[in-house]
Each structure stands twice: as C-alpha cells, then as structure tokens.
Amino acid sequence: MAAPSPVRSADGPVHDGASLTGDRALELFDAQLTSRHLDLAARWLRSFGEGFYTIGSAGHEGNAAVAAAVRHTDPALLHYRSGGFYCARVAQAAAPAPPGTEDTPGTAAADATANANGRPDDPSGRVAEGTGGRRAAAGGAGGGGGAGGDPIADAARDVLRGIVASAQEPIAGGRHKVFGNAALDVIPTTSTIASHLPRAVGVGFAIERQRRANAPTRGGSRTGSARMPTDSRTAAAEARSAWPGDAIVVCSFGDASVNHASATAAFNTAGWCDHTGLRVPVLFVCEDNGLGISVRSPEGWVAATLAAKPGIRYFSADGCDLVQTYEVASEAANWVRRHRRPAILHLTTVRLMGHAGADAEVAYRPAADLNRDLARDPLIMSAKLLVEAGINTPEQVIARYDAVGWQVRKVAEEVLGEAKLTSAADIVAPLAPRRPVRVSRTVAEAGAWAAGPGAGARATAFADRLPEQAGPLTLAQTINAALADGMLDYPAMTVFGEDVAAKGGVYGVTKGLRDRYGPSRVFDTLLDETSILGLGLGAGLGGMLPVPEIQYLAYLHNAEDQLRGEAATMQFFSRGAYRNPMVVRVAGLAYQEGFGGHFHNDNSVAVLRDVPGLVLAVPARPDDAAPMLRSCLASAAVDGTVCVFLEPIALYHTRDLYAEGDDEWLAPYLGPGGWAGGHVPIGRARVYGVGSAEDITIITFGNGVRMSLRAAARLAEEGIGTRVVDLRWLAPLPVADIFREASATGRVLVVDETRRSGGVGEGVVAGLVDAGYVGVVRRVASIDSFVPLGPAAREVLVSEDAITQGARTLLAR
C-alpha cells in the first residue's frame, strides 16, 4: 500500500477537488467492510447448515456511496448485491448529518439551495397518503430505523437475520432474505431479473403526482375517506405519509437484467413519460460486474444500451472508486431531484467470490480474469484512498477490517439461536389479511356518506342523472356507475390503462369518467401491460388506490409476474409493513359473437387462481357487479388486497335472458341507501332456484350463469328442479356455499367455461371432495384448446345443449 500523503483534516475533502470528506469516507468504508464481512459470515453459516442464502455483494461495495448521495428518506428498491448501500443507509438514518456537510446531497441546506431550480419551497413537506404504501415498520426493525444504535451491529443484525431465516428479521420475518426495512424506506424486492423496475417507475409516478397535488384528502385521512373510523393500529400507520414531496426513487439492478423484458418495459415507460411531459423522478442504478452467473455481457453492450435510452439521462462511474462513485451519484441524484426526470447511473463493478456460495467460478473464468477483478477490489481501493489521504495508516485500516469482522461474527453467533417460523399459520399470516367486518362497515359508511353529506357532490358528478334513477342497466353500464361512485368515495383512486380515458374503453365501460374526474385521475397509458401493472404497484405503495385496466385477458399473460411475483408477495415479504392495494379490471372470457378469436375470447384463468392471496372476482349480472366492485375497492383500501375483477365481455351489453326483448338480464342500480344491505362479501356465492330446486345443483360462473339459467328453464319444463350456483368469486372459492348447495340435491353438475385441464371446475370438484361431499358430480367444460375464430368457437366452448344433456345424464344415473 502506498505511503500516506500529508495528513488531511477528516472534515475536509479526501483529495483536491473532491466533495467527499474524510469523515464521510470513513463512514462509507465501514459500510463497505460490514457488507464484505456479511458475505463471509453467510458462507460460514452455510458451512454448518445454519445459513440459507449466500448471494453476496463482494465487489459491489462501492454502492455504499450511492446511499450517501441520496437521502435516507428516498425510497429504495435494491438489487441483491446492494449490501453496501443497505449498510450505509442504516448508518445514514441512525445519525444526524455530520458538521460541515450541510450542503452535501440529501441535506436540508442543499435542498434549500436547489429550490431555486424548481423544487418545492418545503423540500421536507409530507404529502397525504391514500390507501396503501408504507403502513408501519415491521416489528423488530433490528435497530436499522435510526434509533441511534451501532450502525455496524444494526445493519449486520438485519441482514444476518435474513440469512438464518430468523422470525425476527426486520422485513420478511424469516420468509426470505431481502434488503428491506420500512423504517429505512427500503422497499423489499425479491427480484433477480428486474421485475421490480416497473414498480419503481410507479413509485416515482406516485411521488410526483402527490407532490403536484400536495393536498390532504377529505378530512386529511390517508385512506382517502373522512368517513372511515380507524382502530389505533391503523390510525398510527396512516399518520405516516408516504415520502417527502421532492423524494426520488433509487432502484438498483444487475447488468444481465438490462436484457430482461421487465427492465425494457420500465425504461421504455420512464422515457415515454418524459417524452410526453410527465415527470418520473427515478434514479436507476445499474451495478455492472459484466456477468450473469457465468454468461458475460458483451463488451460495451450494457453502456451502449443504457446510454441510448430515450428520455433518460445517462451517468457512468467506476463503481470500485469510492470518490468517483460518490461524485457522479451525487450529480445524478441532484439532477433527478431538481428536474424530476429519470436517469441511469451505470456503475462498473467486479464480482468477487462467485455468483453465490456454491459457484466455483474457476470452472468458467480464466485466472487472468479473476486476477483483474481482485486488483479492482473496492475495499482495497477505498483503503488506499484513506491511506493516501493521510486519514488512516495501513495498520489502522487493517485493524478496522478486523474489528468490523469480529463485530459481524459476534452478531452472527447471536442470531443463530433466534426462533424460526414454525407453523403454516404464522407463515401465511401477512400474505392476504382479511377483515370482512371492516370491509362491510366501509361499504356501509360509503353508502351513508353518499346518501348524506356527499349527496350534493354525487349529484354533481353524475350531472343530476343518478344511475339508480336511470332504470335497468346493463353490466357495462353498472360497472361504469360503480367506478364513478368509487372515484367519489376514494379520492386517491385512479383509473388508467389503454383507451380508458378519451375513448372511454373499447366497450364503453369507462365512458365519461375522465370528463367527471379529470385527466389526473383517469388517463390513458402506453400499450404495455407490464408497465400498466407496474404503475399500479408503485402507485399503491405511494398511497393511491389504483384501478388499472387490462384491455383483454389474453394481454395479461405477458405481464403475469407483476401480479404473482410483485403484487401478491409485497405484504408476505414485508409482514404488512408495505402493501400495494390494487383492483385490476380485465375484460375477458369468451362468447363474443362475430368478433375476436383467441386474443379477444381468452378463457384461461388458471394462473390467476394459482397466485396466493389474490382475489379473483367474476361478476355475471349487473346487480352483482356493483356490490362486488365495491367489496374489491373496500378490501383494497382496508386490507391492501390485490384484486382482479374479470368482466365477461359477452355479457357487457346483454339485455335478455330467456327470450328476445325480455330485458331480464338487466337490473336497476342500487342507490347508496341500499349498499349496506346489498353488500356482497368476498368469497360468497349466489344461488338461484328454478322449479322445485330439489333435483340437481349446477355450479358455474361468468357466461355459464346465463347459459345455466336458460338450461334450467328447459329442465323445469321437464319437471326437473335446479339450483344454479353462481360462484362469483373464483379465488377464494365459496367452498362453504358450494358444499351446502351440492349436499341439498346430492347431484352436482359443474359448468366450466374455462378449459377442462387446469380449469375452475377442477378446483370446485376438489373443494367438494375435501369438504366431504358424498353425492355424484359431473363436469361440463370447454375443451383444451385455444378459442378459434368465428362459428368454430362453438365447437370448443361449453354450450347450453351440453349443459342440458349433462344434467340429464347425471339424473339418469
């Protein structure tokens, strides 16, 4: 190691021209050392079966400087190699800004200076929250929340608890090893393939939207409703607003992830927003070690592709050089904060110790390659910086390395004895909390408000043409009215998607909403389902109640991971500290006459039913659609539920049931006074009795309800009494209702318009078996095929004749 230069003051720059001070460099060096020793501790724990995660941050520790360049209140979504950032943020949150750094990035003085460049007068001003976001720090935050403890021990304890799957881990509670802590504004992400990037864009969108609005919701409640009483726990959580109005989002990822569709979607959306004048303050941080496990990124490819992103400012730095990383990261963060526009910070790093503990990289990397990386070890480069600045001697650097190592090892030994999750009930507790009484009360209070204090606002919104006074409505008209009522009840609610604003939806379901509530709450998006859902995920975290629309069910499939891997996991992997409430409207299912083919008649819902905790609603009739939508909105607001509201396209404009002109599929809209009495709880079916209703039970949903009622009428002419059960909810299935109605006749016909393999009918039959049903059961389902164009569709889909014949066959047994 080089001999020291003349001793510099610790509160001065580490070298001429640098803004990084010696004190700050020492703090960051501690964070780097802590991160490296955590990697070593993870492998030590793994060596005797007590560690369960060995993907480390060795070689990436320069990202500690990125944490120093932003505020500890800036929301961060971290790559799994951002250990240095996490350790630095723990220290950053635990201590006040050191003397002499008031004008460095992320401090009050610097923010005040930047106000002249277009930022709000009160840079620390909080915004009112909506229904979701950061609810409260999870219990046992490991001291990482700025409690003034030892930042090395606090950071080590947080991370090591994750490695040993301790139930006391600060965010996931032993469910996964993630970087996350609500007290530190570190949003957990399990992503290894950039699936968190679309969410980051959504968080940036939410921050900027709320900064511009910067007005409390009715009564100042972050639920967006002054009527809703809250218990003490919820009230305490809701007292916290999301993030400062001029916060920026920090989102890190690896170089191999640049090639993933989710990353492409996020970059494209951020650039698209910037091009259209929408501000999205996101700093993307690419930690580029040149490898995706064993696959090397082509030389120059990452820089070329990142620098070419339209609408996104590009910055680059040597991520192993602490000073350069800090200087460029500060410049990038300040630029994003000042201009409220997206930027990419491209850090070139190295990967030390392989991809993970079991990765023997000597098998695929030449020795010369490994030696080049060792020569750029960021810890060695930072140590050299401190010695050459005269801030530390070589002996002091080595002593500090050893001291931090022993401290981390001590914490590792302490967490070994902590309890693990030991019961299924404990594991799933935060997955999808359900408080049906509160949901019901919320719906009732919404009705009371709309019929009382809010009656004038409601009359104005509907231009004095209230839907309950309009006569019987179609399914599409009813959903439109329910959305309009929801926008009144939840000021944080937004409706967005392809063609939902100016056009009012391809089927007219959102017609007029933009005119009533304005383009900030009802707006068109770019044509990308991953980005639409990502906006919803981030908006929900930011305190909004997003209601995105996916134009067709078939279009959802290329974006399913945003629901499965991101939306549904948030409460699970944060123990409810974060939540992303969302009601995703999807037009789907088959039977469109004369239109479409597969992509407009998709009948595949299996993937949605497979997502733990997700609610899947399928309203068939107008008089069910509005109360079901109100239940979804209330559940999202109360419990942070992720709902998919699947609307049968073929029933949107259906008027007749039995005969042309009978208008029996229409229904009057229930006014606010009837909302409490007409409440439809999640997971409850609807039963129709036809004839004596004693001979056979038909269990169905969606388009099957209308077909089954028509078939039941034909059977009634033969003296056969039928119970038709409309499931209404495909997840969770109304198993108790199914079992009760099945047992009433002892004969069950399951009518499933989805496919025979993997369809809803399989779940219904399994539910009956599990519940102890002892009668006979038969299925009628669509065949295992995509839906073809034109009349050929009838050959693969369930028909009324098939239902009638299936019932007769069952009765003949």
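Derivation of every value follows stated rules applied to the coordinates shown; laboratory data play no part. Please read all numbers here as calculations on a predicted model, not as lab measurements. A quick note on method: Cβ atoms are made from the backbone with ideal geometry, for glycine too, and the neighbour counts reach across all protein chains shown.
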### Task
Pull the list of the chain cysteines that no other Cys approaches to under 4.7 Å, Cβ to Cβ.
C87, C251, C273, C286, C320
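Let me spell out the model: positive unit charges on the Cβ of Lys and Arg, negative unit charges on the Cβ of Asp and Glu, origin at the Cα centre of segment 371-479. What dipole size does that give, in debye rounded to 20? List each step's numbers first, then the result.
Values: 13 positive and 12 negative charges, 80 e Å.
Dipole size: approximately 380 debye.
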### Task
Pairs of Cα atoms under 8 Å, at least six residues apart: use those to get the relative contact order of the chain, whole percent.
13 percent
#### Entry: Sequence-separation-based contact order of segment 755-813, relative, with Cα cut under 8 Å and 6+ spacing, percent
35 percent
### Message
Compute the distance from the alpha-carbon center of segment 150-173 to that of segment 471-543, in whole Å.
### Response
41 Å
### Task
Taking 7 Å along the Cα-to-C-beta vector as the label spot, tell me the V7-A367 distance in nanometres, rounded to one decimal.
4.3 nm
### With at most 11 neighbouring Cβ atoms within 10 Å, loop chymotrypsin sites (Phe, Trp or Tyr not before Pro) (DSSP) excluded, longest segment of the chain
49-594
### Summary
From the Cα centre of segment 1-66 to that of segment 352-397, the distance in Å is 11 Å
### Query
If you compute semi-axes √(5λ) of the Cα gyration tensor in Å for the structure shown, which of (i) 62, 35, 23; (ii) 53, 28, 23; (iii) 52, 29, 27 do you land on?
(ii)
### Query
What angle do you read, to the nearest 10 degrees and between 0 and 90, between the alpha-carbon axis of helix 197-213 and the longest principal axis of the chain?
90 degrees
### Extension reserve of the W301-R465 stretch, reckoned as 0.36 nm per residue once the Cα distance is removed
53.2 nm
#### Entry: Dipole in debye (nearest 20) - the chain, about Cα centre, beta carbon charges: Lys, Arg +1; Asp, Glu -1
1080 debye
### Message
Run lengths n ≥ 4 of DSSP H only: what is the helix-derived mean residue ellipticity at 222 nm for the chain, with -39500 (n - 2.57) per run over all residues, to the nearest 500?
### Response
-11500 deg cm²/dmol
### Task
Enter the angle in degrees (range 0 to 90, nearest 10) between the Cα long axis of helix 622-639 and the first principal axis of the Cα atoms of the chain, meaning the one along which they spread out most.
20 degrees
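Hand me the GluC sites (Glu not before Pro) from segment 548-617 located in a DSSP loop with no more than 15 other Cβ atoms within 10 Å, in residue order please.
Loop-located and lightly packed - E593.
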### Summary
Relative contact order in percent for segment 32-91 (Cα pairs under 8 Å, 6+ apart) equals 39 percent
### Summary
Taking a crude spin-label model, label points 7 Å out from Cα along the C-beta direction, the A261 to T73 distance in nm is 3.9 nm
### Query
Taking the Cα atoms only, what angle lies between the long axis of helix 151-163 and the longest principal axis of the chain, rounded to 10 degrees?
40 degrees
